[in-house]
Structures are given as structure tokens and as C-alpha cells.
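The values are calculated or read from the model by the stated rules, or taken from the named source; none is laboratory data. Note that the coordinates shown come from a computational prediction; the quantities given were computed from them, not determined experimentally. Every residue, glycine among them, receives a Cβ derived from its backbone with ideal geometry; neighbour counts consider all protein chains shown.
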Amino acid sequence: MPPSSQKEVYDQLATLLAPPTAFPAGRYRPSSDVSDGLKRVRRIILTEGIPEVDGRPSLRPRIWKLMLKVDHLSAEDYLRYVAMGPSGASEKIRDDTFRTLKTDELFKGRVKNEMLVRLLEAFEWKHIGMNALAAPFLYTMPTQLEAFACFSRLIERWLPEYVQTDLRGVHRGVEILDRCLRIVDPELYEHLMGRGLEANLYAFASVLTLCTCTPPLDEVLKLWDFLLAFGVHLNVLCVIAQLLLIREKLMESQSPMKVLRQFPPLQARAVIGVTVALVKDIPEDLYRELVAHPSHANPP
């Protein structure tokens with residue numbers, strides 16, 4: 001996107017994100033305006049992405065909080081959890097955080113290991129932590145408090161089935177991935193299944209981490225812009241989109257697991273484009289299961 005276009009899109013988003021206090025005294029946005037504004041923000045994310053403009057603050061933190069409906073930050077709660085010290089999972093947390101995005105220089109330059117440990121320790125006192133899902137919030141948000149609030153909301157409201165001890169939501173996600181792939185590309189599905197490659201063998205980490213496990217980080221953030229705007233359930237289709245982008249290589253290989261062992265660098269805009277096209281091919285009943293699987297043990 002040319003710099004001039006980036007600035008125009010930035011200004012559009014900034015206007016839509018303007019708080020009520022930016023309006024004349026006594027005037028408030030009616031609910032219909034708020035709803036229309038959200039639709040316009042989502043449309044811009046889908047068609048243009050969230051631009052970064054030199055010398056101007058990133059809009060991503062505000063947009064992520066908007067999509068997650070994080071409108072209150074409780075510093076008292078966060079500090080209370082932090083003050084409780086190491087949790088019962090402290091050793092495992094430190095082992096996991098040491099590996100989190102360890103090859104990504106952008107992440108290492110901004111997020112210190114102790115920041116990630118502190119956030120996960122605080123969350124462990126509430127529930128259970130997931131380092132790969134915490135990392136993008138710590139990188140994106142201006143403060144650890146905001147990162148904690150957004151991370152908590154994601155896990156508790158959007159992905160509760162992903163953090164059960166048996167990871168039932170993730171297992172359900174990869175099972176749905178297989179069924180969706182069979183519908184959208186039966187030839188590729190048969191090629192992989194003929195070699196014993198169910199999705200749980202090659203896509204488990206991508207489903208579990210919302211593709212955070214596939215670098216580079218700046219592309220992961222763009223993909224998360226889309227997922228937070230339109231629903232984290234779409235991550236399953238994003239993984240299928242990545243398969244379709246390397247379809248030729250997979251079909252030519254007699255050992256496709258060698259190709260799938262490490263997905264190629266993430267290309268967020270390409271993945272989003274394919275994902276949007278895939279949605280219309282998924283039968284309504286299966287799509288309902290897809291939507292429900294991260295947050296409901298049994299789809300409605």
C-alpha cells in the first residue's frame with residue numbers, strides 16, 4: 001500500500017475509533033452508529049489491513065481491545081495476582097517462555113522474558129496460561145495491564161475449550177479441519193489421508209496457537225487483526241488456506257509431511273483472501289460446529 005494510501009486508511013480508522021469525548025458536549029453516538037462503525041472497521045481490516053504510519057501511534061492496540069470488548073482495566077486485580085508470586089506451574093511457565101518466539105528478533109527486542117513470565121504467572125492464578133497466545137498481546141499492547149486484560153478476555157470468552165486440560169477444543173478444531181478440507185479440496189485431502197496425515201499430525205500447533213507458531217511475527221499480527229475482527233474460529237480455515245497456498249508442492253511430494261513439518265513463512269493477506277473464499281464452501285451445519293468449537297463443548 002503506498003504511503004499516501006496508508007495515511008488515508010489510518011485517518012479513516014482513527015476517525016471511527018474516536019471516543020465519545022471527541023464529539024460536542026452532550027452528544028453521544030447512538031447504538032446504530034456504533035454498530036455501523038464496527039462494521040466499517042471490520043471492512044477496512046478485511047480489505048486494507050491496519051496500516052502503520054511513521055510518527056503516529058499504532059491503532060492495533062485500540063482495535064484489538066475494541067474487538068475483544070475490553071473496556072475496563074483492573075490494575076488492582078492484576079497487581080494482586082502478580083503479588084501472589086510464583087504459581088504451581090512456575091517451572092513449566094519458565095520453560096515454555098524461554099521457547100516463545102525465540103527466533104523472532106522483533107519480539108525479543110520488545111518483550112523481555114520476565115514480562116511474559118509475569119503475565120502468565122498472574123493468569124495461572126486465575127486459570128491456566130498459554131505462552132504462545134500471550135506473546136502477541138505483550139508485543140502489541142502499550143502496557144502489561146492491557147496485555148493481561150486482552151489475553152484473559154481471549155482465553156475466557158473466546159477460547160475456553162482450548163485451555164481445558166485435555167485440549168478438547170483444539171482436538172475438535174483439527175477434526176473439523178479434516179472435514180472442511182475434504183469438502184473444499186477432496187483431492188488434496190485424499191492425498192494426505194492416503195499417507196496417514198490427519199490434521200492432528202501437522203496442524204495441531206497452528207490450531208492451538210492461532211498460527212502464532214508460523215513466523216514472521218508482523219504477519220501473525222495482521223492475521224490476528226482479521227481473526228479478532230471476524231472470529232477466532234476462522235483460524236481453522238486459515239490453516240487450510242496455508243495448505244492450499246502450497247498445494248502444488250504437497251501434491252507433487254510422496255512424503256508431504258516433510259513439507260508440512262515447517263509451514264512456509266506466513267503471508268497474512270494471501271491467507272485471509274483464501275479463507276474468505278473458503279467460507280462460502282462450508283455447509284451450514286459444519287460451519288456452526290466450526291463457530292462453536294473454541295467456546296462450546298457441544299455446538300448449539
Tabulated pairs, region 197-208, first not assigned by TED's automatic domain parsing to the domain that holds residue 182, second crowded, with 24+ Cβ neighbours inside 10 Å, C-beta under 8 angstrom, 6+ apart or interchain
none
Working only within region 276-300, note down all residues that are in contact with a Gly (Cβ under 9 Å, 6 or more places away or on another chain), modelled with pLDDT of 95 or more and of a type in the set (A, V, I, L, M, F, W, C).
290, 291
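Conditions tested, residue by residue: (1) small (Gly, Ala, Ser); (2) buried (at least 19 other Cβ atoms within 10 Å of the Cβ); (3) not in a loop (DSSP other than H, G, I, E, B).
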site	(1), (2), (3)
257	no, no, yes
262	no, no, no
266	no, yes, no
270	yes, no, yes
273	yes, no, yes
277	yes, no, yes
286	no, no, yes
289	no, yes, yes
When the residues of region 236-249 are filtered to those that are crowded, with 19+ Cβ neighbours inside 10 Å and of a type in the set (A, V, I, L, M), which remaining residue is farthest from the chain's Cα centre (by Cα)?
244
Go over the candidates 277, 241, 270 one by one and state the one that is among the small types (Gly, Ala, Ser), free of Cβ contacts under 8 Å to residues at least 40 places away in the same chain, assigned by TED's automatic domain parsing to the domain that holds residue 175 and over 29 Å from residue 139 (Cα atoms).
277
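What tally of residues in region 156-198 results from selecting those that are among the aliphatic types (A, V, I, L, M), over 17 Å from residue 275 (Cα atoms) and under 21 Å from the mean Cα position of the chain (by Cα)?
Selection size over region 156-198: 4.
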Just to confirm my filter: which helices (runs of 4 or more DSSP H) fall fully inside region 152-224 and include at least 3 residues that are at pLDDT 95 or above and at positive phi?
none
The condition of being under 18 Å from residue 147 (Cα atoms) and not basic (Lys, Arg) holds, among 243, 217, only for 217
